[in-house]
Amino acid sequence: MYYVGSNENAARLSGINVDRVKIGVYVTIALISTLAGLLSLARFNVATPELSKGAETTAISAAVIGGTSMTGGSGGVLGTVLGIFLLKIVNSALVMMNVSVYWQEFVQGAILVLAVTIDYLSHRKNGGPSFIMKFFGLDKLASKKLDDKSSRQI
């Protein structure tokens, strides 16, 4: 999964069945999500699509805080679990200080922005494209400009 997430074309060229890996990951996530939905239904005795609204932000924040790169290819379960612990400690502290729920969400979003910024800066130092560059397709544009400059010099 790391290899496919880091560079899909290289994984395909090295003999990994990328489509099988992707399907396996999606099926596993679907099964785990189904189990989570059933457990949530058993606990709250109600099924509503807005029950876990905002949980995706918590999941992304925990993964990025735990060291998972937004560009793919690095990360781990232990780091994500530690990221969850950090977010829950911050959330519990805010609850004990009687901070409004809206400000709690703001703090969580600010932590996510900080974690993505650190991820961006660390990839910029290493010379690799950042998540933001990949998201907007600027990494391909930059590589094309470099190729054009090198072909002119020859």
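The values are calculated or read from the model by the stated rules, or taken from the named source; none is laboratory data. These figures come from a predicted structure and were not determined experimentally. Every residue, glycine as well, gets a Cβ built from its backbone with ideal geometry; the counts of neighbours run over all protein chains shown. Heavy atoms of the whole protein, side chains included, go into the accessibility calculation; ligands, DNA and RNA do not. Shrake-Rupley method; radii C 1.70, N 1.55, O 1.52, S 1.80 Å.
Yes/no per residue for (1) part of a helix (DSSP H, G or I); (2) in contact with a helix residue (DSSP H, G or I) (Cβ under 6 Å, 6 or more places away or on another chain):
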residue: ASP19; (1), (2): yes, no
residue: SER52; (1), (2): no, no
residue: ALA62; (1), (2): yes, yes
residue: PHE85; (1), (2): yes, no
residue: VAL90; (1), (2): yes, no
residue: TYR102; (1), (2): yes, no
_Can you find a residue that is within 20 Å of the chain's Cα centre (by Cα), over 15 Å from GLY54 (Cβ atoms), acidic (Asp, Glu) and modelled with pLDDT under 90 anywhere in region 110-124?_
yes
*Return yes when VAL77 is out of contact with any Phe, Trp or Tyr (no Cβ under 9 Å at 6 or more places or on another chain), modelled with pLDDT of 85 or more and within 22 Å of GLY5 (Cα to Cα) and no when it is not.*
no
_Taking the conditions exactly as written (polar (S, T, N, Q) and part of a loop (DSSP other than H, G, I, E, B)), does THR28 satisfy them or not?_
no
*Looking at this structure, is TYR26 within 27 Å of ILE118 (Cα to Cα) and among the aromatic types (Phe, Trp, Tyr)?*
no
*asked:* For the condition more than 28 Å from GLY5 (Cβ to Cβ), open to solvent by less than 60 Å² (accessible area, probe 1.4 Å) and of a type outside the set (Ser, Thr, Tyr), what is the one hit in VAL95, VAL99?
replied: VAL99
*Would you check if there is a residue in region 37-60 being open to solvent by less than 60 Å² (accessible area, probe 1.4 Å), at pLDDT below 80 and of a type in the set (Val, Ile, Thr)?*
yes
*Could you list, in sequence order, the residues of region 31-50 that are part of a loop (DSSP other than H, G, I, E, B) and of a type outside the set (Gly, Ala, Ser)?*
ASN45, VAL46, THR48, PRO49, GLU50
*Confirm whether GLY15 is more than 17 Å from the chain's Cα centre (by Cα), part of a helix (DSSP H, G or I) and modelled with pLDDT of 85 or more.*
no
